[in-house]
Each structure stands twice: as structure tokens, then as C-alpha cells.
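No lab work stands behind these numbers, since they all come straight from the coordinates. Bear in mind the structure is a predicted one, so any value in this text is a computation, not a measurement. Every residue, glycine as well, gets a Cβ built from its backbone with ideal geometry; the counts of neighbours run over all protein chains shown.
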Amino acid sequence: MDEITSREKVLKSIRNSLLSKTPNQYSNADLESKIYRELDESLALNFAQEFTDLGGKFIYCEDEEDLKSTLKNFMSTEEVQPLFCIEPDLKTMLSDIEVNFTDKPENFKNLHSSITTCEFLIARFGSVMVSSGLPSGRILNFFSEKHLVVAYASQLVPETKDALISMREKYNGKLPSMITQISGASRTADIEKTLVMGMHGPKEIYVFFVDDIIE
């Protein structure tokens, strides 16, 4: 009997609460003002600052030729082997600058580094947007210790919504099954609040930013 009485009391309290109107404490709230600060004039500068603040490494290249020489120098000084690449244009470039890579699936279990392109760069958050629609697919963005991204100034957009609008246009309304944003190196502090790098993805991410916009 006590349980029924307690239950009825709870239900009655809920009914009374639903019947009574609670005054809106936030009737004067400003719902029109922008949440975020205005971006600086240069989207590239915004992206570079946010990206590096998140632990990413931003490398500026003046043009395609500068990209090739920068990549060749990077590959000779950094530990990147074995390097995995499956995108045709990038494979051609790596061959041109005589950088060893593999595209064989059987070598994937020894993957150390990967090089891919991306969909867009989001200036607001310093994020790299990738999708399963890219030639590199889903895997290379997440399983290597070092992720090298070749991106272009023409891929810069201010906000995530701008990237998604452009994605719909690029894929004629049929979006890829996976679209995600990479915001710096993978990290977590879930275990005893100790920061661990590379927990769910690469420990290091590099963006080789090619300035392909002629002013």
C-alpha cells in the first residue's frame, strides 16, 4: 500500500507540474547575436592558428613546385617509412620526387605514415574535413601514426556549414557515407585525466598547405 501511495504522489506531482505554467526566465535573451567572434580577414591565418593550437603542424607551400621540394625535404628528415599512399595524383608526385611508398593492402598492417588529400579546411575550428568519397577512403585518415594531408587554399571555407554546402554540390546531393572533421592530433584524457596522444588516430598530423589562389 505504501508503494502505491508513493507512486500516486509522484504522478500527482508530475500532473500538477504539467498543468502549471512556468514563467520564462530568459524572455529577454538575445537570440539574434552571433555566437562566435568574427573571423580575421585571412581564412588561411585563422586556420593555421587554430590548427596549430590543436597540436597540428602547418606547412606553407607557395605552389605545386614548392610542395614537391618541401615534401622531399620532409621525407628525408622525418621518420615516415613505411609510407602508405593510394591516391593516384599523390602517387605520381611521390614518384616524381623519388619518395618510397606502398599501396599494397598486405603491407597495411605495418603502416607507419599515410599521405592523403582532403575535402575542405574549416578556418573557424582549424579542422580538416575528410570523407569516404576521397580516393583514400576511410582507413588512411585514422590508422597511421603520422597523417600527412595535402590541401589547397581553394579548399578553405569559413564554417562547417559552408563545407557541407560545398560537399552537397560536389557529390550532386548524394553525400558520402562518412564525413568527419579532424581537429588536430588524436588525443584523450578519459583514463585518470592523463592526456594520451594517438589513442583513436594519428599522433601527429601535418597539413601541407598549397597557395593555389592567384591574387
Considering only the range 40-210, percent of DSSP beta bridges that pair antiparallel, nearest 5: 30
Overall Cα dimensions of the range 9-98, principal axis frame, Å, largest first: 77, 36, 23
Distant-in-sequence amide H partners of Met178 (H built 1.01 Å from N, under 5 Å): Ser132, Gly133
Global geometry of the range 127-189, whether rounded, prolate or oblate, following the gyration tensor of its Cα atoms and the 1.5 cut on a/c: prolate
Kirkwood-based Rg to Rh ratio, the range 48-163, C-alpha trace: 0.95
The range 49-89 - Kirkwood radius from inverse mean 1/r over Cα pairs (Å): 12.2
Restraint check, Lys104/Lys203; Lys72/Lys161; Lys91/Lys203; Lys68/Lys161, Cα-Cα greater than 29 Å: Lys72/Lys161; Lys68/Lys161
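Over the chain, what is the relative contact order in whole percent, taking alpha-carbon pairs under 8 Å and six or more residues apart?
24
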Local electrostatic count, Leu164, Cβ distance below 14 Å [Lys/Arg +1, Asp/Glu -1]: +1
Additional length obtainable on full extension of the chain from Asp212 to Asp53, 0.36 nm per residue less Cα span: 54.8 nm
FRET efficiency, Ser177 to Asp66 (Cβ-Cβ, R0 41 Å, nearest 0.05): 0.70
Using a Förster distance of 25 Å, the FRET efficiency for Thr160-Lys203 (Cβ separation, nearest 0.05): 0.50
Fewest-first ranking of Glu145, Glu169, using other Cβ atoms within 10 Å as the exposure measure: Glu169, Glu145
Sorted peptide list for 94-104, 115-125, 52-62, criterion being average Cβ within 10 angstrom, highest first: 115-125, 52-62, 94-104
Which of Met93, Met178 has the fewest Cβ neighbours within 10 Å, and the rest in rising order: Met178, Met93
